[in-house]
Amino acid sequence: MSVPVELPAQRVAVHRIARALTEMFAPAVLAAVMPVVIALHATDSVAAGAGWGLLVVVFTAVIPYGVIWLGVRRGQLTDHHIGVRSQRRKPLMFGLASVLVGLAVLVLAGAPRELVVMTLVMLLLLLVVGAINLVWKVSAHAAVAAGSAAVLVMVFGPALLLVVPVVVAVGWSRVELRDHTAVQVVVGAVVGVVLAGLFGVLR
């Protein structure tokens, strides 16, 4: 009979910090925050910016992650981060469809260009990370965090390089929690930054 081994208090504290970072800067959270930030920047009215941003959030965060939470509740998914790679295909398809519909709505409704481009980049990021995950486990946390940081720097200037340590911390949390290897985190971050470059080109 095996006896549970208690982790030292310091290790427990480190683990909790890693878990907090993983949850605070999860793709779902950033997918809900970034559209609002960009919409507010792209419009002259706070009300209009908030309206456009919240519209995008419905398609980029509420619907995709609502599907994931439903899958967890039904026992079809192990957790809301979908740690098991083989379970990611169906949520990916729902997510892509939702963001694609949202992008179409924005174009037809005449949304601000920056917001349309931001949503397009989110769609491409979901597509590329999802495609990689079909054959190899890459960190979506790192991809979304790094991509978001790159977009913030493009929009608000070099002062926002202050968010880079947050990206590093998120990557560390994924390795600390043993959800990803360092290589998977680095590859995810590179993918996020490269795709974010399209925002700078197209905006």
Would you check if A97 is more than 19 Å from A189 (Cβ to Cβ), of a type in the set (G, A, S) and out of contact with any His (no Cβ under 7 Å at 6 or more places or on another chain)? yes
So, of the residues in region 174-186 that are part of a helix (DSSP H, G or I) and of a type in the set (A, V, I, L, M, F, W, C), which turns out to be least open to solvent (accessible area, probe 1.4 Å)? V185
How many residues does region 150-173 hold that are closer than 15 Å to L21 by Cα and open to solvent by 10 Å² or more (accessible area, probe 1.4 Å)? 8
Is at least one residue of region 128-147 on the phi > 0 side of the Ramachandran plot and either in contact with a Gly (Cβ under 8 Å, 6 or more places away or on another chain) or surrounded by fewer than 23 Cβ atoms within 10 Å (Cβ to Cβ) (or both)? no
Quick check: anything in region 136-143 free of Cβ contacts under 8 Å to residues at least 60 places away in the same chain, more than 22 Å from E23 (Cα to Cα) and under 17 Å from the mean Cα position of the chain (by Cα)? no
From V138, V128, V153, V144, grab the single residue that is among the aliphatic types (A, V, I, L, M) and outside any helix (DSSP H, G or I). V138
For the subset of region 17-52 comprising residues that are of a type in the set (V, I, T) and open to solvent by 40 Å² or more (accessible area, probe 1.4 Å), which member is farthest from I63 (Cα to Cα)? I17
From the options L100, L202, residue that is among the hydrophobic types (A, V, I, L, M, F, W, C), open to solvent by 60 Å² or more (accessible area, probe 1.4 Å) and over 19 Å from V37 (Cα atoms): L100
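The values are calculated or read from the model by the stated rules, or taken from the named source; none is laboratory data. From a predicted model like this one, the values you see are computed outputs, not experimental measurements. Here Cβ is always computed from backbone atoms with ideal geometry, including for glycine, and neighbour counts include all displayed protein chains. Areas reflect the complete protein model, heavy atoms only, side chains present, ligands, DNA and RNA absent. Shrake-Rupley method; radii C 1.70, N 1.55, O 1.52, S 1.80 Å.
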